[in-house]
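Each remark here refers to the structure printed beneath this line.
The values are calculated or read from the model by the stated rules, or taken from the named source; none is laboratory data. Model, not experiment: these values are computed from the prediction. Here Cβ is always computed from backbone atoms with ideal geometry, including for glycine, and neighbour counts include all displayed protein chains.
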Amino acid sequence: MGGYGSGKQSNKWTTNQVSCVRVKEVGAADRLHGSVRFRYTLNGKPVEHTVQLTQTACNYGGVRHWFRCEHCQRRVGVLYFSGGQCACRKCFKLAYKSERESRHYRLFRKADKIRERLGWWAGIALPDGEKPKGMHWKTFYRMKAKHDATVQRICGITAQLCATWSGRLQR
């Protein structure tokens, strides 16, 4: 009980494991038409979906286009294709990849994101770089403090995991 790999796990598929199309990728002519047709083959059989498009007015003019999910009729910006079906993320019960990450991996990703914004190489074991040209010192110090706090949390969690594992090895 409570061993390595235990905890929140699911066999739920994630959005990056399924083909998708975004409404932004649909051509302007299709958007004016009010619907879009997707054709593809699945196991040698032709599959066709006709998806309705809707639009909403934006606050400062213009319109935003949306797909209408065939199953739940929700207004969505991304549709997913799986097993000959076309539906939204909720209907397929898809999770985002980040929802399946452990706390440890989320912290590593957070630290790497800060390092990328600072123009440093990814990886907390690498030395810190210089302040990027054009960045205010106040911003640099704030981001560096956030990075250092994240690294401290990673080190603390890693120490806890090592202590737990060494205790199990000694039994």
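Once segment 15-42 is narrowed to residues that are out of contact with any Phe, Trp or Tyr (no Cβ under 6 Å at 6 or more places or on another chain) and polar (S, T, N, Q), the residue that is modelled with the lowest pLDDT is Asn16. When segment 110-168 is filtered for residues that are among the aromatic types (Phe, Trp, Tyr) and within 22 Å of the chain's Cα centre (by Cα), only Trp121 remains. Can you find, within segment 120-171, the residue that is surrounded by the fewest Cβ atoms within 10 Å (Cβ to Cβ) among those that are in a loop (DSSP other than H, G, I, E, B) and of a type in the set (Lys, Arg)? The extreme case among them is Arg171. Just so you know, in segment 93-115 the residues that are of a type in the set (Phe, Trp, Tyr) and touching a residue at least 24 places away in the same chain (Cβ under 8 Å) include one that is nearest to Leu161 (Cα to Cα), and it is Phe108. Looking only at residues in segment 64-108 that are surrounded by 12 or more Cβ atoms within 10 Å (Cβ to Cβ) and of a type in the set (S, T, N, Q), the one that is nearest to Gly123 (Cα to Cα) is Ser102. I'd like to know if segment 43-63 contains one or more residues that are surrounded by 13 or more Cβ atoms within 10 Å (Cβ to Cβ), of a type in the set (S, T, N, Q), at pLDDT 85 or above and within 20 Å of the chain's Cα centre (by Cα). For segment 43-63, residues surrounded by 13 or more Cβ atoms within 10 Å (Cβ to Cβ), of a type in the set (S, T, N, Q), at pLDDT 85 or above and within 20 Å of the chain's Cα centre (by Cα): absent.
Quick grid of which residues meet (1) without any contact (Cβ under 8 Å) to a residue 40 or more places away in the chain; (2) out of contact with any helix residue (DSSP H, G or I) (no Cβ under 8 Å at 6 or more places or on another chain); (3) under 18 Å from Leu107 (Cβ atoms):
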| position | (1), (2), (3) |
| --- | --- |
| Lys131 | yes, no, no |
| Tyr141 | yes, yes, no |
| Thr150 | no, no, yes |
| Ser166 | yes, yes, no |
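Being at pLDDT below 90, outside the structural domain of Cys72 (by TED's automatic domain parsing) and not hydrophobic (A, V, I, L, M, F, W, C) is the requirement here; does Gln160 meet it? The answer is yes for Gln160.
Every condition in (1) assigned to a loop (DSSP other than H, G, I, E, B); (2) at pLDDT 90 or above is met by Gly5 except one, and the failing one is (2).
Take Ala111 and decide whether it is within 30 Å of Val78 (Cβ to Cβ), in a loop (DSSP other than H, G, I, E, B) and modelled with pLDDT of 90 or more. It is false that Ala111 is within 30 Å of Val78 (Cβ to Cβ), in a loop (DSSP other than H, G, I, E, B) and modelled with pLDDT of 90 or more.
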